[in-house]
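What follows is a single structure, written as structure tokens, with notes after it.
The values are calculated or read from the model by the stated rules, or taken from the named source; none is laboratory data. All values derive from a computational prediction rather than experimental measurement. When we count neighbours, we look across all protein chains shown, and the Cβ atoms used for this are built from the backbone with ideal geometry, even at glycine. Each accessible area value is taken on the protein alone, full model and side chains, heavy atoms only, with ligands, DNA and RNA left out. Shrake-Rupley method; radii C 1.70, N 1.55, O 1.52, S 1.80 Å.
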Amino acid sequence: MPEGSRGVTRAKDLYRDRFRRAKELKGEGRKILGYICLHAPLEMMTALQIIPFRMLGDIYETPTQVDRFLPRAFCPFVRSVFDLSLKGKYDFLDGMLLVHSCDAMERTGRIWESVVDHHYFHFMDLPTKVCGRHQKFFREGLDDFKKTLEELTGKELSFGELKKAIESHNEQRSLVRSLYEITEKVPPKISGSEILQVIGAITSIPVEEGNKLLREVLAEIRKRKSGKLKGPRILVWGSVLDHPAFVEMIEDLGAHVVIDDLCTGTRGYWADVKLDGDLLSSLAYYYLVELRCPRTFKEAPSDGKRKDYSADLEERFGYLREFTKTWKVDGAILQSVKYCDCHGFEVPQVKDYFNSFGIPSLLLEHNYMIADREILKTRVEAFLEILRGGVE
Amino acid sequence: MGGEEKKKYINRLKSFLPLRTKIDETYKKSIEAIQMGRPVAWAMINAWYGDPILRAMELETVYPENFGAICAAEGVAESYLNRADADGFPSHLCGYARNCFGYVSRMTKELKGEIPPEAPVGGMPKPIFLLSSNIGCDARYKWFQALGRYLDVPVWVLDMPIPGVKELFRDGVYERCIQFIVEELKEFVHFLERILGVKMDWDRLEKTVHDIEEMNRVWFEINELRKAIPCPMHSRDFWSAMPPSLFLAGKPAETLILYKEMWKEVKERVDHKVSSIQTEERFRLLFSELPPWHSLSVFENMAERGWNFVIESWGYHPPPPLDLSGISDPLEHIARFSFHFHTAYFKDALEEGEYYGYMGYPLLKFAREYRCDGAFFHLPLTCRSTSTHQLYLQEKMKQKLKIPSMIVSGDIVDLRLFNPAEVIKRMEVFEESMESYKKLREDRS
């Protein structure tokens, strides 16, 4: 890692200029592969000395090129990432792995592959259900992916290298969880928007560099003095938030975003990949079963004749109750970009679940772009007022 | 002109009438059976994946997507949509799904399980289970999962592998997908046997599967005949005749006979150069995605100007016939047929460097093979599945085939979003565009 700033400042710098380090490494001859959704098995790339780079959008840049290929009534995040790619901003990548995480990704991926010239492009299907047979099927898909990576690098993916890579990524998961442990305290020593930036930074650099950065960040944060402000403690749920602006808006109004259920937050770090047995099977289990995303169909076990809604909610969202308890959450803000079907269908059920144990929630739909924030602010303000009435 | 019957410019097939009668009879019989208390399943359109099994088990099936279109046409959808909004479902979600949430909310919360009296075609009674799949869109399983708020019935999801175009041709991928689908089907049969308390009649399944394949073979061949100039069969006839193939409305063996009659009539038209429009066929057009069911008369305006709609959305068409004669297991037949539906055009797509192997690329191929002069894209605002590829296709058709297209916004349930007057207004300008591209193509060739 080049010398210069350290800890949180370094993370923020990296986040602000996410391409910089990747381009430096590219200049040194490293291969960089882009991915968008969490379901990309990073360990396999790391094991072959490929740097996985998470492709994000830009809430400040109006999409223009993408209008040639995608309708406007479509996931604005995907539109934004694709737009940046069409404008050549991701030209430094050696290729892309696109995982079938949702319709928007899958369909756009097919267009992407047809219109953007990549040296390497792999589409990886992902089952919808999670049972053993589906894991096995996905494991075979991982094996195909492995072969394409071996073709790309001319190297064989060894058990030892893969194990080492899994250990490094597990360490990263553990370090990120430590970051969230800090926010359990009242008041938290690190803000939700800072965490999003740290995560945004580590997904743009090799895992070992990311781990070093996380250790610096943790050491620095632990030394911070506790703040005095005590505002409502908020959980943010929903679709991708690849920029801290949304969370900053909530925090600027005096609340603390202490925990989240986002694919740019906790979702990628809450469990570890098991290191015993067949490693591809462990990866298949982690990426299909452990990762939380509404794109995957999960349900409570039943007799197959009757469905119990409460049991189903508990099975699917039980972790949210844990989050609420451990992080002493006062209210939940459910946010989703418009046209995200997977999260959109989930919204009333998540609300039902929060209602079942008395946590107030607010739904905010937005169009991803920064200009939307002012409109949302008024609604957040009113929600926080209600919470303050209850917590102070 | 008041009082005079408006002249029809589309030359409808005579053979679609008995077919339509059969479809209506089937719906009627199914409604009567349901009203008599026979168990019913709700299913998503599933590309011949789960339907053959449901038919072989003689389970009455209703399709909430279809019901959504009917509610829209009958003018009751709006109240259901409002109810879905009030229940907290975002308004950008699939219109059919929101219609269904509103309907079920009214049925379960307000009417204690009774079918709402305003519901068209007898409504949809409480099902014994919901058959969903990932085919077509995420909404197809997220929607049924969300129905758990109202219905205490199980959801069965049929998972269909959807590989990438070039990934499909890696060693072993195709056969692995087939084996996976066969296993999915076996589990589905076990589930049905448990829930219905009856065993699968494998002979009946074998016969059903055979009939479906045969029926679709003839249906495919009818559509092949439409490549002729002038085109002998209009999209209006296609849409009227597709339910027996798409939803298995009617008995496939009976449909097969009627489709064979239709093939004869279409062939005769080809032999005698009889067009499906009464005017000169000036322009041959492709129609992409869901038709504006409520405004089909606009096609008469277009036919009057010599626009002939010769081919439609990939999703409504059966795949090219597949030789499955060496396979005895009916589940494997289903697996191969349904998977073939999704991947039949992948090889051609790959050869052309196109990676939208289903939904997108087949339309490029159709436009070329049916010698289209233009494409009409209906862009439904709440259906991501059928709208995602349209701009991309517009670009590709123009770039690769020099075929222009027009996009008209609409929706699957909200009728106000499609404006036939706008279509009529834009026709003249689009004709100029089709003319100039036609000249460009001629010059190039």
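Rounded to whole Å and ordered largest first, report the semi-axes of the equivalent ellipsoid of the stretch B:276-378 derived from its Cα gyration tensor (root of 5λ). Could you put the intermediate results ahead of the total?
Working: eigenvalues 196, 52, 30 Å².
Equivalent-ellipsoid dimensions as semi-axes: 31, 16, 12 Å.
Which residues among the stretch A:85-113 fall inside the zone where the amide N is under 18 Å from a point 7 Å beyond the Cα of A:Gln49, along Cα→Cβ? Flagged as within label range: A:94-95. Normalise the Debye intensity by I(0) for the stretch A:265-392, one equal point scatterer per Cα, no solvent, then take log10 at q = 0.21 Å⁻¹ and round to two decimals. Debye curve over Cα of the stretch A:265-392, log10 I(q)/I(0) at q = 0.21 Å⁻¹: -1.36.
Taking each residue in B:144-150, count the Cβ atoms of any other chain within 10 Å of its Cβ, then average. What number comes out? Numbers along the way, then the final one.
On the way: counts 2, 10, 6, 3, 12, 6, 1.
Per residue, the average neighbour count from other chains is 6.
Think of the protein assembly as shown as having a plus end and a minus end, set by charges on the Cβ of Lys, Arg, Asp and Glu; of B:Val189, A:Ala22, A:Phe121, A:Ala22 sits farthest toward the positive end of this dipole.
Close amide H partners of A:Leu364, meaning residues 5 or more places away or on another chain with modelled amide H under 5 Å apart, are A:Leu334, A:Gln335, A:Ser336.
Each of A:Thr326, A:Met55, A:Trp112 was scored by the projection of its Cα onto the charge dipole of chain A, and the greatest displacement toward the positive side belongs to A:Thr326; charges sit on the C-beta of Lys, Arg, Asp and Glu. Looking at B:Gly306, B:Val274, B:Ser295, which one has the Cα that reaches farthest to the positive end of the dipole of the stretch B:243-309 (charges on Cβ: Lys, Arg +1; Asp, Glu -1)? It is B:Val274, whose Cα lies furthest towards the positive end. Couplings 3J(HN,Hα) for the stretch B:346-355, derived from phi with the Karplus relation 6.51 cos²θ - 1.76 cosθ + 1.60 (θ = phi - 60°), are 4, 5, 4, 4, 4, 4, 9, x, 10, 10 Hz, where x marks Gly and Pro.
Just the C-alpha atoms of the stretch A:130-238: what Rg/Rh do they give, with Rh taken as the Kirkwood radius?
Values: Rg = 18.8 Å, Rh = 16.9 Å.
Using only Cα positions, Rg/Rh for the stretch A:130-238 is 1.11.
Along the stretch B:374-382 the Karplus relation, 6.51 cos²θ - 1.76 cosθ + 1.60 evaluated at θ = phi - 60°, assigns HN-Hα couplings of x, 10, 10, 9, 9, 9, x, 5, 9 Hz to successive residues, with x for each Gly and Pro.
Spread over its residues, the convex hull of the C-alpha atoms of the stretch B:1-80 is 185 Å³ per residue.
Any of A:Lys163/A:Lys325; B:Lys227/B:Lys439; A:Lys298/B:Lys347; A:Lys26/A:Lys89; B:Lys6/B:Lys398; B:Lys22/B:Lys260 with alpha carbons more than 25 Å apart? Name them for me.
Numbers: A:Lys163/A:Lys325 34 Å; B:Lys227/B:Lys439 20 Å; A:Lys298/B:Lys347 34 Å; A:Lys26/A:Lys89 14 Å; B:Lys6/B:Lys398 36 Å; B:Lys22/B:Lys260 14 Å.
Beyond 25 Å: A:Lys163/A:Lys325; A:Lys298/B:Lys347; B:Lys6/B:Lys398.
Which percent of Cα pairs goes in each bin when the distances of the stretch B:174-235 are cut into 10 angstrom slices starting at zero? For the stretch B:174-235, the binned pair fractions read 17, 27, 27, 19, 9, 1 percent. Phi angles of the stretch B:196-202 translate, via the Karplus equation with coefficients 6.51, -1.76, 1.60 and θ = phi - 60°, into HN-Hα couplings of 8, x, 10, 8, 5, 8, 5 Hz per residue; Gly and Pro are given as x. When chains B and A come together, the accessible area they lose, probed at 1.4 Å and totalled over both chains, is close to 5400 Å².
Let me know the charge dipole size of the stretch B:11-170 about its Cα centre in debye, to the nearest 20, where only the beta-carbon of Lys, Arg (+1) and Asp, Glu (-1) is charged. Walk me through the intermediate numbers first.
Working: 19 positive and 18 negative charges, 71 e Å.
For the stretch B:11-170, the charge dipole is close to 340 debye.
Distances between every pair of Cα atoms in the stretch B:368-445, grouped in 10 Å steps from 0 to the bin holding the largest one, split as 18, 44, 30, 7, 1 percent.
If R0 is 60 Å, the Cβ-Cβ spacing of A:Glu290 and B:Asp24 corresponds to a FRET efficiency of close to 0.75. When shorter helices are ignored and each DSSP H run of at least 4 residues is given -39500 (n - 2.57), the per-residue value for the protein assembly as shown at 222 nm works out to -15500 deg cm²/dmol. For the stretch A:353-392, the equivalent ellipsoid derived from the alpha-carbon gyration tensor has semi-axes of 23, 14, 5 Å in decreasing order.
Rolling a 1.4 Å probe across the protein heavy atoms gives chain B an accessible surface of 38 Å² per residue.
Only the Cβ atoms of Lys and Arg (+1) and of Asp and Glu (-1) were treated as charged; on that basis the dipole of chain B about its Cα centre amounts to roughly 640 debye. Between B:Lys273 and B:Arg194, take the C-beta separation as r, use R0 = 56 Å, and let me know the FRET efficiency to the nearest 0.05. Efficiency at R0 = 56 Å is approximately 0.50.
Distant-in-sequence amide contacts of A:Gly331, defined by a placed amide H-H separation under 5 Å and a gap of 5 or more residues or a different chain, comprise A:Arg233, A:Leu235. Amide H to amide H, with H built 1.01 Å from N, B:Ala375 comes under 5 Å of B:Leu286, B:Ser405, B:Met406, counting only residues 5 or more places away or on other chains. Here the dipole of the stretch B:294-427 is about 500 debye; that uses its Cα centre as origin and unit charges on the Cβ of Lys and Arg (positive) and Asp and Glu (negative).
According to the calculation over all Cα-Cα pairs in the stretch A:1-92, the P(r) per 5 Å bin from zero is 3, 12, 19, 20, 20, 15, 8, 3, 1 %. Shape summary: the stretch B:203-361 maps onto an equivalent ellipsoid whose semi-axes, from the alpha-carbon gyration tensor, are 29, 20, 14 Å in decreasing order. Each principal axis of the stretch B:207-248 carries a Cα extent, and these read 37, 17, 8 Å when sorted largest first. Treating the protein assembly as shown as a set of equal point scatterers at the Cα positions, no solvent, please give the Debye-formula log₁₀ I(q)/I(0) at q = 0.07, 0.08, 0.10, 0.11 Å⁻¹. Debye output, listed in q order: -0.55, -0.73, -1.14, -1.36.
For the Cα atoms of chain B, what angle does the longest principal axis make with the long axis of helix B:16-35, in degrees from 0 to 90, nearest 10? The helix B:16-35 is inclined about 20 degrees to chain B. Hey, if you drop one equal point scatterer on each alpha-carbon of chain B and run the Debye formula without solvent, what base-10 log of I(q)/I(0) do you get at q = 0.06, 0.07, 0.11 Å⁻¹? One equal scatterer on each Cα of chain B leads to -0.26, -0.35, -0.91. Helix B:77-86 versus the longest principal axis of chain B: what angle, 0 to 90°, nearest 10, using Cα atoms? It is inclined by approximately 60 degrees. Compared with its chain on its own, the stretch A:110-146 contains the following residues whose accessible area drops by 40 Å² or more in the full protein assembly (probe 1.4 Å; ligands, DNA and RNA excluded): A:Arg110, A:Ile111, A:Glu113, A:Ser114, A:Phe123, A:Asp125, A:Thr128, A:Lys129, A:Arg133, A:Phe137, A:Asp144.
What share of Cα pairs, in percent, lie more than 26 angstrom apart in chain A? Walk me through the numbers before you get to the answer.
On the way: 40574 of 76636 pairs.
Cα-Cα pairs of chain A separated by over 26 Å account for 53 percent.
For B:Glu114 and B:Arg204, what does the FRET efficiency come to when R0 = 35 Å and r is the distance between their Cβ atoms, rounded to the nearest 0.05?
Calculated value: 0.55.
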